[in-house]
1. Just give me the residues in the range 187-214 being of a type outside the set (A, V, I, L, M), loosely packed, with under 13 Cβ neighbours inside 10 Å and under 30 Å from Ile116 (Cα atoms), in sequence order.
2. Which residue out of Arg145, Arg137, Arg131 is in the same structural domain as Val24 (by TED's automatic domain parsing) and on the phi > 0 side of the Ramachandran plot?
3. Need at least 1 residues that are at pLDDT 90 or above and under 30 Å from Ile204 (Cα atoms) per element, so show me which strands (runs of 3 or more DSSP E) inside the range 66-130 make the cut, counting only ones lying wholly within it.
4. Looking at the range 131-152, which of the residues that are in contact with an Asp or Glu (Cβ under 7 Å, 6 or more places away or on another chain) and not in a helix (DSSP H, G or I) is nearest to Asp189 (Cα to Cα)?
5. Could you please let me know if Glu63 is touching a helix residue (DSSP H, G or I) at 6+ places or on another chain (Cβ under 7 Å) and assigned to a helix (DSSP H, G or I)?
6. Report, ordered by the first and then the second residue, all pairs with beta carbons closer than 8 Å, sequence separation of six or more or different chains, a first member in the range 4-33 that is closer than 10 Å to Leu209 by Cα, and a second member that is part of a helix (DSSP H, G or I) and acidic (Asp, Glu).
7. Can you pull out the residues in the range 145-158 that are surrounded by fewer than 16 Cβ atoms within 10 Å (Cβ to Cβ) and touching a Lys or Arg at 6+ places or on another chain (Cβ under 9 Å)?
8. Within the range 159-171, does at least one residue satisfy the condition of being under 24 Å from Arg41 (Cα atoms), modelled with pLDDT of 90 or more and in a helix (DSSP H, G or I)?
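The values are calculated or read from the model by the stated rules, or taken from the named source; none is laboratory data. Just so it is clear, the structure is predicted and the values come from calculations on it, not from any experiment. When we count neighbours, we look across all protein chains shown, and the Cβ atoms used for this are built from the backbone with ideal geometry, even at glycine.
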Amino acid sequence: MTTEEIIKRYQQRSGYRLADYAEVALPIYSINVQALTMAHRRLPPIEEFVLRCLSMNIRSAAELSHFLGLEDQVIKSALAGLAQTDSIALTAPRGKQTWTLTSKGKATIETAEMVIPEERTIPIHFDALTRKPTLYRFQRPLKHRELEDEGLIEIDQIPPKRPQLLDITPFGIERVIRKFRAESEESRDVLAIRSLENIKRLYIRAIALLFKST
């Protein structure tokens with residue numbers, strides 16, 4: 001919104017009148033959060049068919065290849081990928097090795113998605129006033145030296161301290177991810193915050209409204 005649109009939208013307050021306004025700069029921090037996450041990914045079609053075949057007791061690589069009409073190498077690659085995610089396990093109940101579903105594999109069939117643990121770097125912003133994680137995706141953060149050139153009044157941060165690990169929770173990061181996640185992006189659960197890296201003090205442009213009692 002333009003400055004005029006912001007003033008028009010927020011100028012009405014019961015018992016007050018708008019006396020003045022100013023363009024200001026709100027303090028934020030840019031942070032790279034190192035986090036342990038669980039990614040929810042759509043199960044590839046071949047791996048889904050392999051799991052469903054295993055649930056019907058078609059358990060050897062040769063049987064799977066014949067039943068699905070796929071080359072042995074394709075089946076072996078799918079089996080290796082499923083084994084890495086603990087969806088299947090190699091057993092030998094009668095002296096012959098066969099693949100069987102694990103409890104995780106059975107759950108994967110129900111949801112048709114794979115849950116994969118990952119360590120991930122998540123870039124976020126941290127609001128220095130509310131002390132909550134957020135993301136200013138559609139605004140360009142400003143450096144301190146740009147404030148005078150832009151004619152902006154700097155709003156002081158109270159208390160004037162950098163974000164700490166205790167200030168940022170897995171729930172707070174997950175809320176930001178879900179709010180700004182594109183439809184094509186996989187969903188992700190944040191389990192733990194490992195560390196905060198590359199912390200930089202920046203500013204976001206805003207409009208401050210000054211009201212006077214009537």
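1. Ser195, Glu197, Asn198
2. One residue alone meets the criteria, Arg131.
3. Because the criterion is at least 1 residues that are at pLDDT 90 or above and under 30 Å from Ile204 (Cα atoms), the strands (runs of 3 or more DSSP E) in the range 66-130 that meet it are 113-127.
4. Thr134
5. No.
6. Listed by first residue and then by second, the contacts come to Glu23/Glu150.
7. Once the filter is applied, which keeps residues that are surrounded by fewer than 16 Cβ atoms within 10 Å (Cβ to Cβ) and touching a Lys or Arg at 6+ places or on another chain (Cβ under 9 Å), the range 145-158 yields only Glu150.
8. Yes, the range 159-171 contains a residue that is under 24 Å from Arg41 (Cα atoms), modelled with pLDDT of 90 or more and in a helix (DSSP H, G or I).
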